[in-house]
1. Would a scan of the range 34-49 turn up a residue that is crowded, with 18+ Cβ neighbours inside 10 Å, within 19 Å of Tyr180 (Cβ to Cβ) and touching a Cys at 6+ places or on another chain (Cβ under 7 Å)?
2. Going through Ser150, Ser144 one at a time, which residue ends up being polar (S, T, N, Q) and under 22 Å from Leu5 (Cα atoms)?
3. Would the range 100-117 turn up any residue that is among the hydrophobic types (A, V, I, L, M, F, W, C), touching a Leu at 6+ places or on another chain (Cβ under 7 Å), at pLDDT 95 or above and surrounded by 16 or more Cβ atoms within 10 Å (Cβ to Cβ)?
4. Please find, among Glu199, Glu195, the residue that is more than 18 Å from Ser44 (Cβ to Cβ) and among the charged types (D, E, K, R).
5. Is there any pair linking a residue in the range 152-171 that is over 17 Å from Phe90 (Cα atoms) to one that is assigned to a loop (DSSP other than H, G, I, E, B) and more than 16 Å from ligand 1 (Cβ to nearest atom), with Cβ under 6 Å and at least six apart or on different chains, and which?
6. Out of Gly133, Gly85, which single residue is of a type outside the set (A, V, I, L, M) and over 14 Å from the mean Cα position of the chain (by Cα)?
7. Pairs under 9 Å by beta carbon, first residue acidic (Asp, Glu) in the range 132-149, partner modelled with pLDDT of 95 or more, six or more apart or different chains?
8. Considering only the range 51-64, I want to know if a residue exists there that is outside any helix (DSSP H, G or I), of a type in the set (Val, Ile, Thr) and within 13 Å of ligand 1 (Cβ to nearest atom).
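The values are calculated or read from the model by the stated rules, or taken from the named source; none is laboratory data. Since this is a predicted model, take the numbers as computed values, not measurements. Virtual Cβ from ideal backbone geometry, glycine too; neighbours counted across all protein chains shown.
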Amino acid sequence: MSQALLEATAVSHSFDTLLFANVNFSLLPHQSTAIIGRSGSGKSTLLHICSTFIKPDEGSVKLFGKELSAQSDASIEALRRYDIGIIFQFHYLFKGMSAMDNVEVATMLSGEKIEEALLEKLEIKELMGQRIGELSGGQQQRVSIARVLSKKPRIIFADEPTGNLDKETAKLVMDVLLDYVKENESGLLLVTHDEQMAELCDRVFKLQDKVLV
Ligand SMILES: Nc1ncnc2c1ncn2[C@@H]1O[C@H](COP(=O)(O)OP(=O)(O)OP(=O)(O)O)[C@@H](O)[C@H]1O
Ligand SMILES: [Mg+2]
């Protein structure tokens, strides 16, 4: 059996109140997993825990077999730069720069090349010279997806990646993400409230009543 890319064991977290307790799941290479749940159920928090940005109150997260709480700052930094790609719920692009410059920043850091075919698939190739501020929300979202995939991450963490998109474009984006995972030794962890998009993944979990089912 191939080694899990991600293993979450007995993860619990609270802010003011308990968000979720005893969350367990793993992600294998070529696998896509969706986590659904209502607004405020803790989906983004769980994604940020799995992607090194929040330390859980309890439990363990392993990425590529390494326990996160045992890693040095430098090793977490390297994981973030080379191994994981995060598509944020609210995309973070540099507004004054062109779409192409935004993607290049990511590939420069990771040492990868931008693939024209990816830009074509996302239907943004013709927009790459424009400044981010001149693009629509959905176009910006697709640029941020190109930026993340161009790094060639081993895990993609995607938080509502289709949130600003019409159904047809959302399906196109999901196909790009799922194809990437099939074609690379990579996994996708998607969080969304859109059950239709979630159903396209290999597995679907639900955050409900503070547990993952
Ligand atoms: N940094 C924080 N400090 C305090 N409370 C927080 C913090 N981040 C999130 N919360 C709270 O935790 C709860 C879950 O938030 P989270 O963003 O994980 O939900 P979500 O399931 O992603 O919701 P949505 O579908 O609206 O994106 C919310 O009640 C939120 O107010
Ligand atoms: Mg969220």
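1. Yes: one or more hits.
2. Details: Ser144 fails: under 22 Å from Leu5 (Cα atoms).
None of the other options fit; the residue is Ser150.
3. From the range 100-117, those among the hydrophobic types (A, V, I, L, M, F, W, C) are 100, 103, 105-106, 108-109, 114, 117; that's our starting set.
Next cut, touching a Leu at 6+ places or on another chain (Cβ under 7 Å) only: none.
No: zero hits.
4. Numbers: Glu195 fails: more than 18 Å from Ser44 (Cβ to Cβ).
Only one candidate passes the filter, namely Glu199.
5. If the second residue must be assigned to a loop (DSSP other than H, G, I, E, B) and more than 16 Å from ligand 1 (Cβ to nearest atom), the pairs left are Lys152/Glu112; Arg154/Ser186; Ile155/Leu5.
6. Numbers: Gly85 fails: over 14 Å from the mean Cα position of the chain (by Cα).
That would be Gly133, the only listed residue that is of a type outside the set (A, V, I, L, M) and over 14 Å from the mean Cα position of the chain (by Cα).
7. Glu134/Leu127
8. Applying the first criterion (outside any helix (DSSP H, G or I)) to the range 51-64 yields 51-64.
Right, trim to of a type in the set (Val, Ile, Thr) and you get 52, 54, 61.
Those still in the list that are within 13 Å of ligand 1 (Cβ to nearest atom) too: 54.
So far as the range 51-64 goes, yes, one or more of its residues are outside any helix (DSSP H, G or I), of a type in the set (Val, Ile, Thr) and within 13 Å of ligand 1 (Cβ to nearest atom).
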